[in-house]
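Chemist: Handing you a structure now.
Taken together, the values in this text are just the output of simple stated rules run on the coordinates, not laboratory data. Computed from a predicted model, the values in this text were never measured in an experiment. Note: ideal-geometry Cβ built from the backbone for every residue, glycine included; neighbour counts use all protein chains shown.
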Amino acid sequence: MLWDNLLWTVLFLSLNGPGIMGNILTLVRHVYTFVTGTEKKNIDLILIHLAFSNITIICSIEIRDTAAVFYFRNFLGEAGCKVVVFLGRMGRGLSICTTSLLSMVQAVTINPRMTLWRKLKPQTAKQVLPYVLFFWIFNCLISSNLLFFITAVSPVNRSVVGTYGGYCYMLPSKLMVRWLFIALMALRDVIFQTFMGWSSASMALHLYKHHKRVSYLHSSNSTNNSSPEIRATLSTLILMTCFLFFYWADFLFSLYTGYTVTHGSIISILKSFLELGYAVLSPFVLISRDVPFTKYWSIH
């Protein structure tokens, strides 16, 4: 047990600490830009919301798993379990929706010919607020069942049907209710990941055409290869790749452990790593967008 706790401590220090700090830096930076800038950019508000969603995910998973690993049985309690698990699912849903919106906005920004999606693109920060409000309402509805069925019961209670971090438990519900919320979550993930995939493919095609034009001109000096638009597009594509990787890795890993009924400390650590991966890495991808990519483009 001491070795298991040591592994968890290493994971906490190597992921949660830098992840929280990176998201806080991203949050503060874009809040400062948004408040002090003469033009209120829509992208700043989107990135502020994404950083906030990531912080919610990291903190909820950290509190939930720490209570389980170190046996803080009186740490959360009934209300604490409901709030922590609810916020964890909310943060995940908000992250999916916000990342998809970021991808769509960036795709339309670099390719104004997309007239259909250009009409839906929020042109100002005020126009982003309805999207954010919709994301919150939609994900609150999807996660509302947790407020009724999550509890901090004793493990000897055989009526539980699922666990969250080994400490919080989900009570059984009617089959129709259970499948309704599963269907809503699946519908959300399919819709927003479809938008994400389509916009990512559009941005990748645009970058490929840009590369071909640069190669045709035989001179990288005559083209602004390290423009903010190019850097933002590259960072957005990296974000999409990270998100899809961690999402599907977590999904397949959950299917595997559920099918094989495999449990243990290593399994829990791997599960937490996959859940935290995108929230931890995404702020550093956003921070790196300020690094010029001139060398990359000149080489290619």
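Chemist: Can you work out the Karplus-derived ³J(HN,Hα) for every residue in segment 44-61? Use 6.51 cos²θ - 1.76 cosθ + 1.60 with θ = phi - 60°, whole Hz, and x for glycine or proline.
Modeler: With coefficients 6.51, -1.76 and 1.60, one gets 5, 5, 5, 5, 4, 5, 5, 5, 5, 4, 5, 4, 4, 4, 4, 5, 5, 5 Hz.
Chemist: Once you've got the Cα coordinates, tell me which of Lys119/Lys209; Lys82/Lys121; Lys40/Lys271; Lys121/Lys209; Lys174/Lys271; Lys126/Lys209 are over 29 Å apart.
Modeler: The pairs that break the limit, which is 29 Å between Cα atoms, are Lys82/Lys121; Lys40/Lys271; Lys126/Lys209.
Chemist: Order of Thr233, Thr38 from fewest to most other C-beta atoms within 10 Å? Write out the running numbers ahead of the final one.
Modeler: Numbers: Thr233 22, Thr38 4.
Starting with the residue having the fewest Cβ neighbours, the order is Thr38, Thr233.
Chemist: Okay, moving on. What length, rounded to one decimal in nm, is gained on full extension from Trp179 through to Leu252, with 0.36 nm per residue of separation minus their alpha-carbon distance? Please list the in-between numbers first.
Modeler: Values: separation 73, 0.36 × 73 = 26.28 nm, distance 1.94 nm.
Using 0.36 nm per residue and subtracting the Cα-Cα distance, I get 24.3 nm.
Chemist: Then there's this: For an R0 of 22 angstrom, estimate the FRET efficiency from the Cβ-Cβ distance between Tyr32 and Lys119 and round to the nearest 0.05. It would help to have the intermediate numbers written out before the result.
Modeler: On the way: r = 31 Å, r/R0 = 1.41.
Computed FRET efficiency for Tyr32 and Lys119 comes out at 0.10.
Chemist: Give me Lys271, Lys209 ranked fewest to most by other Cβ atoms within 10 Å of their Cβ, as a rough exposure proxy. Intermediate values should be presented prior to the final figure.
Modeler: Working: Lys271 17, Lys209 11.
Fewest-to-most Cβ neighbours within 10 Å comes out as Lys209, Lys271.
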